[in-house]
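Written out below as structure tokens is the structure these notes cover.
The values are calculated or read from the model by the stated rules, or taken from the named source; none is laboratory data. On a predicted model such as this, the values are computed, not experimentally measured, just so you know. Neighbour counts run over all protein chains shown; Cβ positions are idealised from the backbone, glycine included.
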Amino acid sequence: MIDAQLLQSCIKKERKGQYLLYKQYFSFLMSVCIRYKKDEEEARAVLNMGFLKILNNIGKYPTHIPFEAWIRRIMINTIIDEYRKYKKEKETFTYTNFEEIDYYNDHINLNQADLHFDAEDLKVFIKELPPLGQKVFNLFAIDGYSHKEISKMLEISVSASKWHVSNSRKVLKQKIRQSMITGLKKRV
């Protein structure tokens, strides 16, 4: 829960209160932004845009909703709005026919990944996904949105949302598998 005095200070547009709110929620909001952006600079830029929206609308904060949930939703909406704004720029799609790649010679127990793999490695792999695939995967697998909600947010079809999640999972499995093979070869 947000401190009532801090909330009132921000509603009154007092700079000190706004700064304290920014400081208090920076890392929380940055963790949301960094999942959707390729680098920290882009994440900070979208965080600042979202935080401005939070400050401009803080007087409308419904107190029956947890503050973190409310600001997280505003941040995700800001990220989606920014995506839509630049949607006309050509998104680069990388299509890979995974059926043509020979996985069968690389017998790896993917449960071994738990022993030699951490969340930071997975974050790096997610950032390497194509931009739209990364957004859809984050919204579905990490933030818990349905394909129907994602299709409305990103203005794509439900089947396209499902395809992007499926394709992203395939790409991530391949990257994990390749990482495991590389790791095993280094140890041998």
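Among residues belonging to the range 128-155 that are free of Cβ contacts under 8 Å to residues at least 24 places away in the same chain and in a loop (DSSP other than H, G, I, E, B), point out the one that is surrounded by the most Cβ atoms within 10 Å (Cβ to Cβ). Steps first, answer last, please.
So the first thing to find is which residues in the range 128-155 are free of Cβ contacts under 8 Å to residues at least 24 places away in the same chain, and the list is 144-152.
Still in the running and in a loop (DSSP other than H, G, I, E, B): 144-146.
Working: GLY144: 8, TYR145: 18, SER146: 12.
The residue in question is TYR145.
When LYS170 is tested against (1) in a helix (DSSP H, G or I); (2) buried (at least 17 other Cβ atoms within 10 Å of the Cβ); (3) in contact with a helix residue (DSSP H, G or I) (Cβ under 6 Å, 6 or more places away or on another chain), only condition (2) is not met. If you go through the range 8-19 and keep only what is assigned to a helix (DSSP H, G or I), surrounded by 12 or more Cβ atoms within 10 Å (Cβ to Cβ) and either among the basic types (Lys, Arg) or not assigned by TED's automatic domain parsing to the domain that holds ALA69 (or both), you end up with nothing.
Within the range 20-28, is there a residue that is small (Gly, Ala, Ser), loosely packed, with under 12 Cβ neighbours inside 10 Å and assigned to a helix (DSSP H, G or I)?
The first filter runs over the range 20-28 and keeps only residues small (Gly, Ala, Ser), leaving 27.
Applying the additional criterion that residues be loosely packed, with under 12 Cβ neighbours inside 10 Å yields 27.
So of that shortlist, the ones also assigned to a helix (DSSP H, G or I) come out as 27.
Scanning the range 20-28, I find at least one residue that is small (Gly, Ala, Ser), loosely packed, with under 12 Cβ neighbours inside 10 Å and assigned to a helix (DSSP H, G or I), so the answer is yes.
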